[in-house]
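A short worksheet on the structure shown next.
The values are calculated or read from the model by the stated rules, or taken from the named source; none is laboratory data. Computed from a predicted model, the values in this text were never measured in an experiment. Glycine also receives a Cβ, built like all others from the backbone with ideal geometry; neighbour counts cover every protein chain displayed.
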Amino acid sequence: MKRGIVVLCLCAVAIAACFSADRWAIRRTEMTFNDILREDRNVTVEVAVRRDREMQAMADMIELPVAILSHGNTVKHTEYSFLTNVFASRGYLVVSIQHDLDTDAPMVTKVGEEYVGRRMQYNRGAFNIMCAIDELKKRYPNADFRHLTLIGHSNGGDISMFFAKQHPELVKKVVTLDNLRVPFITDGKIKILSFRSKDPHFKADPGVVPDDDTAAKAGIKVVRTEFQHNDLSDRGSDSVKSSIQTSVQQFLDEDEPPSTIPLLAAAAPSPANAAPGSVDSAPAEKK
């Protein structure tokens, strides 16, 4: 009986989806977990998922692919709706993690040290991801946390690449937007798409981005843009976001069937509809 009710609900949602690609089709939920292994450190996430796909997973009809998004320094985890919309519209369970807390010390650059002294932040980010995975497994037992797609901007891109190096058995794909410190994985086992800015104030460290020959052999796609580093979030123009969305869709289309729901608008939610914790005019990200 319960399964029949769920199937009826799915039919109703599917019919409505045919007539509307509005954001109502994607449900966003914010959750906060306490990591007992780190003195109950708060790990806040926003989960975005298509309502029909979520109900299909609840009815044991499908397994949800999982994408985990990591924000840049000084940018909030809710400021990447143009990316979460792409992945959620394709049926992913998208988890955007807030890595930094107000009580954390500012991130600094220490020339000459490994990752310019930011290994602590990358370790913390990896722990945050594992904490979120462990908690969300309980809430979404029919989500595939064994083949993750990692997405990250700047420092979040470095966290994503660092996590993939630590846990290659859990990662299928990585999408970075101008990560600067952690070198790419070049063994060809993980599909990588990376957008590079043309910003004189943000240059990748030597050895981070592979040369063209190495990238070609490893199947890494590097997209060199004319965009500014700080525009690679909801703060950027619609044209910037639309260009990135198109490339991400093409990257996903290589081994996934296209979504039946049209691509959602590139613009971020209006302030009235913004998720808790989002900032419309936050300071620019630091290098």
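From the list Ser233, Ser160, the one residue that fits, being part of a loop (DSSP other than H, G, I, E, B) and either in contact with a strand residue (DSSP E or B) (Cβ under 8 Å, 6 or more places away or on another chain) or among the aromatic types (Phe, Trp, Tyr) (or both), is Ser233. Residues that are in a helix (DSSP H, G or I), crowded, with 18+ Cβ neighbours inside 10 Å and of a type outside the set (A, V, I, L, M, F, W, C) were ranked within the range 237-260; the one that is farthest from the chain's Cα centre (by Cα) is Ser243.
When restricted to residues that are in a helix (DSSP H, G or I) and basic (Lys, Arg), the range 163-186 contains 1. Scan the range 165-209 for residues that are of a type in the set (A, V, I, L, M, F, W, C), farther than 21 Å from Glu114 by Cβ and in contact (Cβ under 8 Å) with a residue 60 or more places away in the chain and the total you get is 2.
Residue-by-condition table, conditions (1) loosely packed, with under 15 Cβ neighbours inside 10 Å; (2) of a type outside the set (A, V, I, L, M):
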site	(1), (2)
Val174	no, no
Lys191	no, yes
Asp199	no, yes
Asp213	yes, yes
Arg235	no, yes
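Inside the range 201-211, residues that are under 24 Å from Glu254 (Cβ atoms) and loosely packed, with under 13 Cβ neighbours inside 10 Å make up a count of 1.
Looking across the range 90-132, the residues that are in contact with a strand residue (DSSP E or B) (Cβ under 9 Å, 6 or more places away or on another chain) and either in contact (Cβ under 8 Å) with a residue 60 or more places away in the chain or among the small types (Gly, Ala, Ser) (or both) come down to Arg90, Gly91, Ser96, Gln98, His99, Leu101, Gly125, Phe127, Asn128, Ile129, Cys131, Ala132.
The numbered conditions (1) touching a helix residue (DSSP H, G or I) at 6+ places or on another chain (Cβ under 8 Å); (2) part of a loop (DSSP other than H, G, I, E, B); (3) modelled with pLDDT under 95 are all true for Ala14 except (2). Residues in the range 65-89 that are of a type in the set (Ser, Thr, Tyr) and buried (at least 23 other Cβ atoms within 10 Å of the Cβ): Ser70, Thr78, Tyr80, Ser81, Thr84, Ser89.
Is it true that Ala266 is assigned to a helix (DSSP H, G or I) and at pLDDT below 50? Against the criterion (assigned to a helix (DSSP H, G or I) and at pLDDT below 50), Ala266 does not qualify.
Somewhere in the range 29-42, is a residue modelled with pLDDT of 95 or more and either of a type in the set (Ser, Thr, Tyr) or crowded, with 21+ Cβ neighbours inside 10 Å (or both)? Taking every residue of the range 29-42 in turn, at least one turns out to be modelled with pLDDT of 95 or more and either of a type in the set (Ser, Thr, Tyr) or crowded, with 21+ Cβ neighbours inside 10 Å (or both). Please go through the range 97-141 and pick out each residue that is part of a helix (DSSP H, G or I), within 15 Å of the chain's Cα centre (by Cα) and closer than 16 Å to Arg28 by Cβ. Within the range 97-141, just Ala132 meets the criteria. Between Val94, Val66, the distinction of being within 21 Å of Leu232 (Cα to Cα) and either part of a helix (DSSP H, G or I) or modelled with pLDDT of 95 or more (or both) belongs to Val94 only.
Looking across Val49, Val94, one residue alone is crowded, with 21+ Cβ neighbours inside 10 Å and within 20 Å of Met161 (Cβ to Cβ). It is Val94. Of all residue pairs spaced 6 or more apart or on separate chains, those with beta-carbon atoms under 7 Å, a first member in the range 225-248 that is closer than 16 Å to Thr176 by Cα and a second member that is part of a helix (DSSP H, G or I) and of a type in the set (Phe, Trp, Tyr) are Asp234/Phe82; Lys241/Phe82; Gln245/Phe82. Condition check: modelled with pLDDT of 50 or more, closer than 19 Å to Ile151 by Cα, more than 20 Å from the chain's Cα centre (by Cα) and assigned to a loop (DSSP other than H, G, I, E, B). Does Pro210 satisfy that? The answer is yes for Pro210.
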